[in-house]
Structures are given as C-alpha cells and as structure tokens.
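Chemist: Sharing a structure here in structure tokens format.
What follows is calculated from the coordinates using simple rules that are stated; it is not laboratory data. Note that this is a predicted model, so its numbers are computed, not measured. Neighbour counts are summed over all protein chains in view; Cβ atoms, including those assigned to glycine, are modelled from backbone coordinates with ideal geometry.
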Amino acid sequence: MTLQGLDPPFSRPVANPSGAVILRRGGLVARRFATRYGVLIGFLAFWQVAATLGWVNPAIFPPIDQIATALWGALADGSLTDDIAISLQRAGIAFVAAVGLGIPLGLLMGQIRVIERALDPILQLFRQTSALALYPVFILILGLGETSKVFVIFWATLFPILLATIGGVKEVDAKLIEMARSYGARQTTVFRRVILPASVPAIFVGLRLSATTSLLLLIAAEMIGANKGIGFQVMNAQYNFQIPLMFAAIFLLAMLGLAANAVLVALQNHLCRWSVASR
Amino acid sequence: MSAVETMRRGEISVRGLAKSFTLNGQRLNVLRDLNLSVAPGESLAIVGPSGCGKTTLLRVLAGLELPDTGQVLIDGVPVRGLGRERAIIFQEPRLLPWLSVLGNVSFGLELRGVPQSQAQARARHYIRLVGLADFETAYPRQLSGGMAQRVGIARALTVQPEILLLDEPFGALDAMTKLTMQEELARIWREEALTMVLVTHDLEEAIFLADRVLVLQRENMGAPRLIDISIPRPRDRSSGDFVKMRRALMAEFGLH
C-alpha cells in the first residue's frame, strides 16, 4: 500500500506555440519592459527635451546626447581609463578587506555571546562615528596616499557586512539547531550544516549594503584628497566647467554601483535558489 | 527470556521521574514521581490538557531535557542526553530550506557519518515509503504542510531508530491530511516494528494509534492514568469499540 498524495503533482503545460501565441508573448514582454523602465525612459526624455528647449539652463543641465558624447569620448581616448582603474582598485581592496574581516568576525560574534557582549559597545561607538569625520585622523596616521583612502572606505564598508552577519547568525531558527542536535550533530557540525547556510541570505543583504557603501565612500574620499579617480574627475570637471564630462563621470559611478549590485544579486540567486526572499 | 525478546530492542522504563519549571517566580511541578514502562514495539500515546507536562515528558525521553530527579532507562541503560536509538518527530517539520527533499531525508544519516551516497540510497527507500518518490528534488518551500511533515517522518525513519518519539506530529495539519497521515503512521509502525511514543491533543488519534494511552493531569488534578486500548488492528474509527473507547477517554477529562 502506498499513500495517494492529496496534493496535485507538479505539471507543466506542453509548449506548442502558434503564431498568435508568439505575438501575444511578444506583447507581454513589451508591456513588462514598459512598466519596468517606462518612468526611467520618460525621465531621460524629459531631461533631453528640457535641456534642448531651454526649460532648464543647459550650461548646468546639458542635454543627454552631449553627456553621452562626452562619456564616449573620454572612454574612447582612454583619458578616464586610469581613473576607473584606480577607483576600482581602492573600492575593491577596501571591500574585500571588509568582507574578509566582517564575515568571520560576524560569524564569531553571532555564535559566542561573550565576544558579542564585549565587542558590541565599541562597535556601536565606531559605527555611529562618521567615517568621513575620521578621515582626517586616518590621514594623520596613514598619510595622504592610497592607504588612508582605502582605510576610510574599509572602515565604512565593514559595519554593514559585520552587523548583517551577526544578525543572520543570531536569527537562525533555534528549532532547526535543536533538530540537528537531535540527530547527534556537535557544535562544529551544527555551525557548518545549519548556521552557516541559514545565514547566507542575511550575509548577502550585508554584502549589497557594503558594496553600495564602498562606492559612496570612494567618491567622498576621492573628492577630498585625490588627484586621480572617478570622484576626482567629477570635482575636476566641475572646477573646469566641463559640465557634460562631470555628468558623464557621475553616470559612470551609477553604472559601477548597478554593476556591483547585479553581480551580487546573480551570485545570491545562484547560492540561494532555495530561498523565496532572493527571488 | 526467549531469543525473540532479547533481539527486539527499544524498551523504555521511567523511574521516579520529576521535573519542575519556574514561571514568573512560581514553581510549577509538571511531572511528579512518574513511573512508566513501554515494551519493545509498543505504541504509547500521551494525552492531557496543555501544561500537564506531556511535551516535557517526551523531551526528557528524547534527552533534550534533563529530569530534576529520577531516570529514564532505554534497554536497561540510563539515558544521558540524546542517543542514536531514538529519533524525534517534532510538531513542525523542521526541514532545512536549502536542502532538497532527498538532502533533508539523508541529513540525519550524514550527521552520523554515513557516506553521502549510502545515506541517499537509504533515504530514497524511506522517501518512497512515505509516498514522495516524485518529489526527491523539490525544495521544502514547494511542499504542502502534509508533504513537509512526511519528509520529517522519512528523515526520522532513515536513521532506523528503535524508538520513535513524536511531539504532536499532525497538530498543524488539516483534518483530511491528518487522517491519511495517521493511517500512514500506523502502517509504518507495524512494518518497521518500532517502539513509538506519541504526544497528542487528539483523543481519537491516541485511540487510533496506541496500544496504551497515558493520561496526564495538571498539577493537583489527580494522578496519571494508563488506559489499555485493546481494539484489534487495523482500527475502524466508526466501530462500536472505538466509539465506546473515545467516550470513556473523554470522560477522563470530564467531557461527555
């Protein structure tokens, strides 16, 4: 005797698309695209029209096509390549260092109550102190070179990933841990097979926050004390009144942020196929 | 003692067990001087009002909690914490959401050091036994409540315990699924020759599944009572004996 499931089995409709179906599907894709990106396209179109017709001062808001030309020109002649490379390097080193310290420390603090209790007050103090306010201190200690820039980005980037990891570990369902223990799992096995995988979604939330933070701090640090980098180029273009180039650099930063986020989302979807939250 | 008796294991014996909790500064004696023995292969149901200590008793049997005094012996050996000869089925399925059905069912065996391929082979057998062969690769979020609970049951059976401890396993299921699952469990218990201790709120479930029912009362409301359920199996819920037994059991709680 086997059990007859009360739940209907999964079924997939047999695909046999006719011309009308393909057309309808095409319409659906177009509509989905329009609802998703319509407002964005409208915003860019409004900008273009407003700048061309003189509704806004085109010296401050140049038309989109001029910005695109400036961006293309700067990318094509390689004048921004060095800046992009140095910016990526600064943000990248800081991000990797913050993740390399934040995740293990967060896992430790989330697991061991004593360590969390001892470290929490000082971490709260550090977190509430603006990284930019500390930048002068870092410059005094580390000099005006690369180290202080990377360090200030690292400092600000550390906290989102650290706090998200601690939160993730602490929020693991105690009932799952008890289940694993009831099958004879010891502390290290519980950690490896239950706590770690259960924390992955929360860790990814932290990674995405940290990636955004690292780019924010990158620009601020480059605007304050650098002679290279995308943030420096934004400031420099503004000083020299190359407004299309300024917007081009700003656009480039936005693209960097979107790209970083997209990479992390793709990685998250790959690692957390099981999770509803990541879909 | 005959050879057959020595072969069959899974005997539980509870001696002078007491356990109390302190709740809002008040001492609550949930279990007091409890003595009980469960024969190998027997099915015992524990019923009683909430707060009577039935789940506490099960958790002590499981080794998840320690008694204040007294002891639990399994096959004559005092229990110290969790043990391989016992498996627990909780009220919630407690599945790991990142593992497939197959991964969840083989999880218990893998924790006990069985190589993955071997664990999965045995897991597949029990997945078939609970009727989920087509869902091996599904993730828990794709399963209904009844299917998820069946995965939990398969996981417990896969470690081939002598004693199955169930804490209101069907409490969260709808009425239809619950009936099917009770029949499933009765069949599995018979086929696997397990000792089974089942905590439940549902008197009908207790009568359907158990050889004996332990009725616990709240503190100062009377001593625990053991009631034999001598209805032949497979049991029919609408038979005269069954209905009579249900009426008798309800009377224990002052219900008519």
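Chemist: Which of the lysines could a cross-linker bridge to A:Lys149, judged by Cα under 27 Å and excluding same-chain residues fewer than eight apart?
Modeler: A:Lys228
Chemist: Can you give the mean number of other chain Cβ atoms that lie within 10 Å of the Cβ atoms in peptide B:74-85? All intermediate terms of the calculation are to be shown ahead of the outcome.
Modeler: On the way: counts 0, 0, 0, 0, 0, 0, 0, 2, 5, 2, 2, 0.
Mean partner shielding for this stretch: 1.
Chemist: Could you work out the Rg to Rh ratio of the stretch B:95-160, with Rh taken as the Kirkwood radius (inverse of the mean 1/r over all Cα pairs)? If you can, show how the numbers build up before the last one.
Modeler: On the way: Rg = 10.3 Å, Rh = 11.2 Å.
Rounded to two decimals, Rg over Rh is 0.92.
Chemist: Across chain A, what fraction of all alpha-carbon pairs, as a whole percent, falls in each successive 5 Å bin from zero upward?
Modeler: Reading upward from the zero bin: 1, 5, 9, 11, 11, 12, 12, 10, 9, 8, 6, 4, 2, 1, 0, 0, 0.
Chemist: Across the protein assembly as shown, how large is the tail of the calculated P(r) beyond 31 Å, expressed as a percent of all Cα pairs? All intermediate terms of the calculation are to be shown ahead of the outcome.
Modeler: On the way: 89781 of 142845 pairs.
Summing the P(r) of the protein assembly as shown above 31 Å gives 63 percent of all pairs.
Chemist: So which aspartates and glutamates can A:Lys175 reach, going by Cα to Cα under 20 Å and dropping same-chain residues fewer than 8 places off?
Modeler: Candidates past the 8-residue exclusion: B:Glu65, B:Glu92, B:Glu110, B:Asp167, B:Glu168.
Chemist: Rounded to whole Hz and in sequence order, give me ³J(HN,Hα) for the stretch B:238-248 from the Karplus expression 6.51 cos²θ - 1.76 cosθ + 1.60, θ = phi - 60°, writing x for Gly and Pro.
Modeler: 9, 6, x, 4, 5, 4, 4, 5, 5, 5, 5
Chemist: Given only helices, namely DSSP H runs of n ≥ 4 each adding -39500 (n - 2.57), what is the per-residue ellipticity at 222 nm of the protein assembly as shown, to the nearest 500 deg cm²/dmol? Walk me through the numbers on the way to the answer.
Modeler: On the way: 19 runs with 304 residues, N = 535.
Calculated at 222 nm, the ellipticity per residue is -19000 deg cm²/dmol.
Chemist: Roughly speaking, what is the stretch gain from A:Arg273 to A:Ile41, that is 0.36 nm per residue apart minus the C-alpha to C-alpha distance, in nm to one decimal? Spell out each step's value before the answer.
Modeler: Numbers: separation 232, 0.36 × 232 = 83.52 nm, distance 3.16 nm.
Net length gain for the segment: 80.4 nm.
Chemist: Here is a further query. Please identify the chymotrypsin sites (Phe, Trp or Tyr not before Pro) of the stretch B:76-143 that satisfy two criteria: DSSP loop assignment and at most 11 other Cβ atoms within 10 Å. Which are they? Before the final figure, lay out each step's value.
Modeler: Numbers: sites: B:Phe90, B:Trp98, B:Phe107, B:Tyr126, B:Phe135; in loops: B:Phe90, B:Trp98.
Loop-located and lightly packed - none at all.
Chemist: Are there GluC sites (Glu not before Pro) in the stretch B:141-231 that DSSP marks as loop and that have at most 16 other Cβ atoms within 10 Å, and which are they?
Modeler: Values: sites: B:Glu162, B:Glu183, B:Glu184, B:Glu191, B:Glu192, B:Glu204, B:Glu205, B:Glu219; in loops: B:Glu162, B:Glu219.
Passing both the DSSP loop test and the Cβ count: B:Glu219.
Chemist: May I ask you to sort B:Val101, B:Val72, B:Val47 by Cβ crowding, counting other Cβ atoms within 10 Å and putting the fewest first?
Modeler: Values: B:Val101 28, B:Val72 21, B:Val47 24.
Going from least to most buried by this count: B:Val72, B:Val47, B:Val101.
Chemist: Given a Förster distance of 30 angstrom, what is the FRET efficiency for B:His201 paired with B:Leu82, based on the Cβ-Cβ distance and rounded to 0.05?
Modeler: On the way: r = 25 Å, r/R0 = 0.84.
The pair B:His201/B:Leu82 has a calculated efficiency of 0.75.
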